[in-house]
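To keep things clear, I will list the structure first and then write my remarks on it.
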Amino acid sequence: MKDFRKCTVYQIYPKSFYDTNGDGLGDLQGVTRKLDYIKTLGVDYIWLTPFFVSPQKDNGYDVEDYYNIDPRYGTMEDFETLAREADKRGIRLMLDMVFNHTSSRNQWFVKALAGDEKYKNYYIFKKGQAPGVPPTNWESKFGGSAWEYVPEMDEYYLHLFDVSQPDLNWDNEEVRREVAKVVRFWMDKGVKGFRFDVVNLISKGEFKDDDQGDGRRFYTDGPNIHKYLKELNELSFGNDTDIITVGEMSSTSMENCFQYAGADSHELSMVFSFHHLKVDFMGNEKWVLVPFDFKKLKDILFDWQVNMAAHNAWNAVFWCNHDQPRVVSRFGDEGIYWKESAKMLATVIHCLRGTPYIYQGEELGMTNPGFTDISQYRDVESLNHFKILQEKGLNEQCAYDILSVHSRDNSRTPVQWTDEENAGFTTGTPWIQVTKNYKTINARQQTQDPDSIFNYYRSLVALRKKYDVIAYGDIVPVDPHHPQIFAYERNYNGQQLFVVNNFYKKEIDWNCGKDLNEYQVLLSNYPQPEHREQIMHLRPYESVIYFRQK
Ligand code: GLC
Ligand code: CA
């Protein structure tokens, strides 16, 4: 059995990874081509975001056909080659299953719209409350109403995301059997990992107006969610103990995650939760500019760490993915401490209790692109909110400022492979612009430089394999209310890890309360940590991993 606690996962957004045929879009052959690079990093799994047939309104999270590969990404043969070549290198594939909704071009939805009752019942159609008034006041996560009116039916269908992403009706047993069948199809191709997209939204509760919010309390962690996950587990991946799974949990509660990712609950191996990434929001409102709240960030992460451990449940730990801005731009420094801060942020995540995820380019310290014009943006959510913000009365410049911080396109620019044209991503015109700093930030430079961010990530991945305490240790926050330091301890079988991070540029002397002479340094982002007895002198963004064996 694969022990996912010892593993690291590398996320690939194929469209922006590597293009082999010059059409400006990354493809599956591109992933195969870069397997040796990924192997060098030492990771165990590659999570590939959706490459199934799709109109690409939401870059593949709108699936038209779950059984075939979008020709823009390649063919089934390309997929099989990738799987084989990855396997040769000891790397497994994790596929991204989008089952909360389909594309409106999916045959099921096409038939539903054509009036086929069977398929209509695959989705959620409802009468309006009155002419022109949708069934509920719920909002789509991409802006606007979550209901779309179909005049021929005089009914609305639910779409929690884009109008082209109608929600599936999981209360219909046939739907549940269909999705399990899709999972088994990919299992038969040797796939050993699955990520389930926004999976805690699949069980809808009451359809009522929300007078307190946007409706999410009615469908998040809904009434039958645990039943449906256990059933999916039983009908598909649960039959192969080698498979690891992760659920993307939108606005979830920790109590539900104890079950989703509980060691004995027969649901999923682990969960992504996002509360720690809303510390630069105003409540749930993402489209604002506020500085990040460090204390909140730490409180949330520690709260989840400690309580998931107490309930024998497992976290996925991460800063970055294709929906989040680049972490070095967000919580670190794009300037002179770019390298130190990127390494520090990596340390915080990789030494926590959980399975770490690295998002393509994070291991190079890639930054936000700093787009300044709407023509540079591609993401449906960003385009919608650019309009909505101005409708709310913000001027165009303010809308740009917000987008440049929060847009999902911040992480979707092409991977910077070399200092050549288009960062070596494509010989054609990239579907989204390359970030300008590729001449200095690129994989070719960093794979050759022993002191690079890339090689630091490589060390972190290797440490997890070597020291059981990283994979299995408990978690004890150290000086948790400190306004500048992120420190914690891990313990396992007489091994102790002591992880210290200065989250800011400001230097500081800190009494760590330990006799540091008893420890050895496993990794650090400065040549030599400095301390006088228990007082550590921490330089800008300094990060140290101490270890001792009792
Ligand atoms: C998830 C995906 C995101 C997508 C959304 C709808 O949050 O990560 O990219 O837009 O689900 O499928
Ligand atoms: Ca291509």
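Descriptive notes on the structure:
- Out of Thr440, Thr426, Thr447, Thr435, sole residue that is within 16 Å of ligand 2 (Cβ to nearest atom), of a type in the set (Ser, Thr, Tyr) and under 27 Å from Lys39 (Cα atoms): Thr426
- Figure legend. Inter-residue proximity from region 20-46: first residues at positive phi, second residues within 16 Å of ligand 2 (Cβ to nearest atom), beta-carbon distance below 6 Å, spacing 6+ or different chains. Indicated pairs: Gly22/Thr427; Gly22/Gly428; Gly24/Thr426; Gly24/Gly428; Gly24/Thr429; Gly24/Pro430; Gly24/Trp431.
- Test: residue in region 63-76 that is without any contact (Cβ under 8 Å) to a residue 24 or more places away in the chain and either touching a Phe, Trp or Tyr at 6+ places or on another chain (Cβ under 8 Å) or within 16 Å of ligand 1 (Cβ to nearest atom) (or both): yes
- Single unsatisfied condition, Ile349 versus (1) buried (at least 23 other Cβ atoms within 10 Å of the Cβ); (2) assigned to a helix (DSSP H, G or I); (3) in contact with a helix residue (DSSP H, G or I) (Cβ under 9 Å, 6 or more places away or on another chain): (1)
- Residue within region 145-165 that is more than 20 Å from Thr102 (Cα to Cα) and not in a loop (DSSP other than H, G, I, E, B) present: no
- Of all residues in region 65-88, those satisfying the criterion of being under 21 Å from Arg105 (Cβ atoms) and aliphatic (A, V, I, L, M) are Ile69, Met76.
- Any chance Ser452 is of a type in the set (S, T, N, Q), more than 13 Å from Gly365 (Cα to Cα), more than 16 Å from ligand 2 (Cβ to nearest atom) and modelled with pLDDT of 95 or more: no
- Test: residue in region 509-524 that is part of a strand (DSSP E or B) and either among the small types (Gly, Ala, Ser) or on the phi > 0 side of the Ramachandran plot (or both): yes
- Selection from region 394-440 of residues that are more than 22 Å from the chain's Cα centre (by Cα) and of a type in the set (Val, Ile, Thr): Thr418, Thr426, Thr427, Thr429, Thr440
- Number of residues in region 16-61 that are over 17 Å from Leu93 (Cβ atoms) and within 10 Å of ligand 2 (Cβ to nearest atom) equals 7.
- Hits in region 398-416 - residues which are touching a residue at least 60 places away in the same chain (Cβ under 8 Å) and touching a Phe, Trp or Tyr at 6+ places or on another chain (Cβ under 6 Å): Ile402, Pro414, Val415
- Taking the criterion of being free of Cβ contacts under 8 Å to residues at least 60 places away in the same chain and buried (at least 19 other Cβ atoms within 10 Å of the Cβ), the residues of region 133-168 that qualify are Pro134, Ser140, Trp147, Tyr156, Tyr157, Leu158, His159.
- Among (1) farther than 17 Å from Ser375 by Cα; (2) exposed (fewer than 15 other Cβ atoms within 10 Å of the Cβ) - the single one Phe425 does not satisfy: (2)
- If you go through region 438-468 and keep only what is farther than 23 Å from Tyr526 by Cα and surrounded by 20 or more Cβ atoms within 10 Å (Cβ to Cβ), you end up with just Tyr438.
- Annotation note: Cβ proximity below 8 Å between a residue of region 422-450 that is closer than 18 Å to Ala342 by Cβ and assigned to a loop (DSSP other than H, G, I, E, B) and a residue that is among the hydroxyl-bearing types (Ser, Thr, Tyr) and modelled with pLDDT of 95 or more (sequence gap 6+ or interchain) occurs for Thr435/Thr367; Thr435/Thr413; Ile441/Thr367; Ile441/Thr435; Asn442/Thr418.
- The listed residue being basic (Lys, Arg), buried (at least 17 other Cβ atoms within 10 Å of the Cβ) and more than 16 Å from ligand 2 (Cβ to nearest atom), out of Lys126, Lys120: Lys120
- The residue list Thr347, Thr367 contains one member that is under 25 Å from Ile402 (Cα atoms) and not aliphatic (A, V, I, L, M), which is Thr367.
- Phe17 satisfies every condition listed in (1) within 15 Å of ligand 1 (Cβ to nearest atom); (2) of a type outside the set (A, V, I, L, M); (3) closer than 22 Å to Val461 by Cα except (1).
- Selection count, region 532-544, where residues are assigned to a strand (DSSP E or B) and closer than 11 Å to Ile508 by Cα: 4
- If you check Gly90, Gly74 for being away from ligand 2 (no atom under 16 Å from the Cβ) and either aliphatic (A, V, I, L, M) or in a loop (DSSP other than H, G, I, E, B) (or both), only one passes: Gly90.
The values are calculated or read from the model by the stated rules, or taken from the named source; none is laboratory data. This is a predicted model, so every value here is computed, not measured. Reconstructed Cβ throughout: ideal geometry from the backbone, glycine too, with neighbour counts over all protein chains shown.
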